[in-house]
């Protein structure tokens, strides 16, 4: 029982379903692993052990549904990103403004997971309001990369990725606007899936930005099969989430188990717009070519992403104005500079800027649809660079290209966001310094099943899924 943290989520669910492990034992195992590792990485920032043990005891006394769905988790402990509400558990959003906030209502995502047998054991660290791909804030400090604790773990779902990489939990929730499920997946050598907008419900009954289709919540795990399991546990439809999608007729786990490789793969190191570290490009190019081992053809091809960066910043800027008007008016002195930059960028936009961004998004989406008429999969590096020291807030330059804002180094992920296409980061190798590199696989609109099947085929051929969990490597 002391080694349960090494097992996959699917193995744990099988043990819980068969009664070989009780939910309370799973909670104890996770708590012990958190205690043993969290001091080195600072990934879990709020524990809710009493709540978790109460939920486990209730589950053991009441039993499980007679006919549970394919995503039922039988009492498996999970972590929830500290941007998402869990009733009765402190949720700071990584901001001093909300340092003592305790919500009374759970996020729809959390309600869905708990209805499907998940037990929330704690909250994972995030940058303030999820802004940025380095997980630090003024409330809890910095989360460290377990492969080298001197390094950035990525973000904004950095705490969740570290939970998984160190074996603190078997599954974790994350969210993604510019790449926040995919980037920490790449930096920590785990799997982060950005699903289609609406695939996983988000928000609460009091949410205001209900029609936002750029920010999504999604699953993170150590391997593709476990991500598929969690996606099955997260799907659901709520009238109060107007873009939420119906539960699919066939479980995503079936697609992952099939591990069907794509026939036609388009590879691009740069997407035609982004610089990339040569070592990352070399590792990812070799990984992309490995699809030929599975019978696929791989060619240099991608849609036209010219103008996508400007379009994304316009759309993101408008969302920051909507989300942070009150914060700027009442608590500007407590906000980090990156939040202020995003807000002021949004405020400076004209009506014409908004119109052009919407038109550019439409052109990009049409281009993606055209691309997927001749290809099954688009493959790129997840991030243009390996992990870097945690003290560096963000990269200002890569390969001689200077950036004028704090998110431009995340271009490989954020230019994909407005397309709405599902994307997953899978481990694909390590640099000479031993730091993880992730490969981003993008599927057609609402094509999670085919994407997960292709990712599982790649993973089986790559043989990297058993690299985690690890003990933090303190350097």
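Of note:
- In the stretch 78-182, the alpha-carbon atoms span a convex hull of 90 Å³ per residue.
- Peptides 424-432, 32-40, ordered by how many other C-beta atoms sit within 10 Å of their residues on average, highest first, read 424-432, 32-40.
- Rounded if a/c under 1.5, otherwise prolate or oblate - the stretch 351-418, Cα gyration tensor axes: oblate
- Over the residues of the chain, the helix contribution to mean residue ellipticity at 222 nm works out to -11500 deg cm²/dmol, using -39500 (n - 2.57) for each DSSP H run of at least 4.
- Peptides 161-167, 253-259 ordered by average Cβ neighbours within 10 Å, highest first: 161-167, 253-259
- Separation between Cα centres of the stretch 377-406 and the stretch 162-204, rounded to whole Å: 19
- Three-way shape call for the stretch 1-122 based on the alpha-carbon gyration tensor, with the a/c threshold at 1.5: oblate
- Cα gyration tensor shape of the stretch 370-473, rounded if a/c is under 1.5, else prolate or oblate by comparing a/b with b/c: oblate
- Per-residue Cβ neighbour rank within 10 angstrom, fewest leading, 284, 421: 421, 284
- All C-alpha pair distances within the stretch 269-324, sorted into 5 Å bins from zero, spread as 4, 15, 15, 16, 15, 12, 9, 7, 4, 1 percent across the bins.
- Hydrodynamic radius (Kirkwood) for the stretch 76-128, which is based on Cα pairs only, to one decimal in Å: 11.1
- Alpha-carbon centroid distance for the pair the stretch 264-340 / the stretch 2-23, whole angstrom: 36
- Dividing the Cα radius of gyration of the stretch 222-332 by its Kirkwood radius returns 1.08 for Rg/Rh.
- With the simple spin-label model, which puts each label point 7 Å out from Cα in the Cβ direction, the residue 263 to residue 101 separation comes to 4.9 nm.
- Förster radius 30 Å - calculated FRET efficiency between residue 393 and residue 14, Cβ distance, rounded to 0.05: 0.10
- For the chain, the Kirkwood radius over C-alpha pairs fed into Stokes-Einstein at 10 °C and 1.306 mPa s yields D = 73 µm² per second.
- Exposure proxy order (Cβ contacts within 10 Å, fewest to most) of 156, 453: 453, 156
- Percent of Cα pairs exceeding the 14 Å cut-off, where the set is the stretch 44-107: 64
- For the stretch 120-229: span of alpha carbons on each principal axis (Å, largest first): 39, 35, 25
- Shown for 361, 182, 263, 22: other C-beta atoms within 10 Å of each C-beta, ranked fewest to most, produce the order 263, 22, 361, 182.
All of the numbers you see were taken from the coordinates with simple rules; none came from a lab. Please read these numbers as outputs of a predicted model, since none were measured by experiment. Please note: Cβ atoms are built from the backbone with ideal geometry, for glycine as well, and neighbour counts cover all protein chains shown.
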